[in-house]
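A quick write-up on the structure given underneath.
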Amino acid sequence: MTKKEFRLENEYPYNRTGPERWILSHLWRYAAFPLAALGAAIINNLCYSTIQIFIGRAFDLITTPGWAPAALLRLALTVIGVAAGQGLSGLLRNYSVEFVAQRIERDARDELYVSLLGKSQTFHGRQRIGDIMARATNDVRSLNLMFSPGLMLITDSAMAVVVPFLLIARMRLDLLLAPGIFLILLTITVYDYNRRLQPVSTGLRDQFGAMNAGLAEAISGIEIVKANVQERYEWLKFTGDARLFRDYFVRQGVIQARYLPMLVFTLAWAGSFLHGLLLWRGGSLTLGEVIAYIGLVGTLRFPTFISIFSFNLVQMGIAGARRMLETINTETELDENEGGVARSIRGEVVFEHVCFGYDTAENREDARVTLNDLNFTARPGETIAIVGQTGSGKTTLTRLINRIFDADRGRVLVDGVDVRYWSLESLRS
């Protein structure tokens, strides 16, 4: 169990061994909704692909001598019914995914907030406020967008590939030649696209946090900036960060512009059309079957086109989850010590050879000791004056008593008990 200054009684145990597992553990809490979304996506794409089959049958019907209008009406009504089923299943899919996306965004933000509450003052003193705010807002929001529309579109795209392939195979197995080659090339090109996009997405999120942090520090310390005539320095620093963020954005755009799957789809669609016409000319297919076949191959355009930004949303979501997890998994130096001493405090405070420095915990060579070999005793009810110049450690001394910080060496005792052995809640109450 990790150390925390604050802990919820019924905190949900998420898997924090990696960003992907962490996201899956959040998703597992609402497992019924992803399953409903998957089922709805299958029905949705089955309905859409079936419409292409009925359109082909309609062409066969009207090219048959003496065809009956009633038969065409039945086909039209069937298409309307299937289209209605497609619309309803689409609504169910969208609702399920949106519900999960909103819940995961809420849960992730709560988890991050509770984690920040449990961190020590030393941890917060080392953080850049702008970066923390970027993680608590933009990175959490990227999780929402990763699911809706990101993963929703990827799931729908996968079904938009599987269902047409099955229906084409039912017509004729040899019709899978061009779509099969397309699927292989699509897998290769999408994998290469994601491989090039992933480091840029991660860098984009990191640079956004750094830019926010620098701006927040400059604004919060504007009096110091002006007093030291550092306006131009801060301006150049911010424009440098913004320029680097822009460069990442441009690199992302260049990668997205070189999106080869659409070219692969166009060639595969043309090849399918040629293959279908050759079979029709040879008498192996009817005109309606050729039209249905081309319509089914045309449904592959959606998963091809949508991959250009759906995978980017997933990459951004994983990058955001990785940054959030870095904050959540950072160990704090203090623990609430639930099993520690918990009783009424009389008020005796003893410092025994206490040493403390803000940078000593990081083992820095230039670390400055704020308090060195401090010894004194304050009896219950006794008043002691602590006098010193600014920065001498007066406030720091009081923060060692309630364990906002821990002494590097020596002991601080309250009523004869080392503050490390007190329950943190009892000590600070």
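Numbers below:
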quantity: Under 11 Å, Cβ to Cβ, from D110 - net charge with Lys/Arg +1 and Asp/Glu -1; calculated: -1
quantity: Inter-site label distance for A385 and E11 at 7 Å from Cα along Cβ, in nm; calculated: 4.5
quantity: Net +/- balance of residues flanking I43 in space, Cβ distance below 15 Å, scoring K and R +1, D and E -1; calculated: 0
quantity: Dipole of the chain [Lys/Arg +1, Asp/Glu -1 at C-beta], most positive-end residue of M211, I42, L371; calculated: I42
quantity: Inter-probe distance in nm under a simple model that places probes 7 Å from Cα toward Cβ, at R232 and A257; calculated: 3.5
quantity: Calculated FRET value between D247 and T63, using beta carbons and R₀ = 45 Å, to 0.05; calculated: 0.15
quantity: Structure-derived Cα extents along the principal axes in Å - corresponding label in (i) 111, 51, 31; (ii) 72, 52, 40; (iii) 82, 54, 39; calculated: (i)
quantity: Fewest-first ranking of S201, S392, using other Cβ atoms within 10 Å as the exposure measure; calculated: S392, S201
quantity: Inter-centroid distance (Cα atoms) of segment 180-216 relative to segment 413-429, Å; calculated: 49
quantity: Förster radius 51 Å - calculated FRET efficiency between A158 and E425, Cβ distance, rounded to 0.05; calculated: 0.50
quantity: Pair E20, A270: separation of 7 Å Cα→Cβ label points (nm); calculated: 3.7
quantity: Order of D156, D206 under a 10 Å beta carbon neighbour criterion, fewest first; calculated: D206, D156
quantity: Simple Cβ-charge dipole of the chain, Lys/Arg +1 and Asp/Glu -1, about Cα centre, in debye nearest 20; calculated: 1260
quantity: Footprinting exposure proxy for Y293, Y48, Y30, Y14 (fewest neighbouring C-beta atoms within 10 Å first); calculated: Y30, Y14, Y48, Y293
quantity: The chain: most fluctuating residue of P149, P13, P261 per GNM, C-alpha cutoff 10 Å; calculated: P13
quantity: Of Y113, V225, I23, farthest towards positive along the dipole that unit charges on Lys, Arg, Asp, Glu beta carbons give the chain; calculated: I23
quantity: Counted charge near L151, where neighbours are those whose Cβ lies closer than 13 Å (Asp, Glu -1; Lys, Arg +1); calculated: -2
quantity: Efficiency of FRET from Cβ geometry, R281 and L88, R₀ 30 Å, rounded to 0.05; calculated: 0.15
quantity: Unit charges at the beta carbon, dipole of the chain: most positive-side option, V341, S392, G180; calculated: G180
quantity: Segment 196-264, dipole about Cα centre (Lys/Arg Cβ +1, Asp/Glu Cβ -1), debye to the nearest 20; calculated: 400
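Throughout, read-outs are computed from the coordinates displayed, never taken from laboratory work. None of these values were measured; they are calculated from a predicted model. Virtual Cβ from ideal backbone geometry, glycine too; neighbours counted across all protein chains shown.
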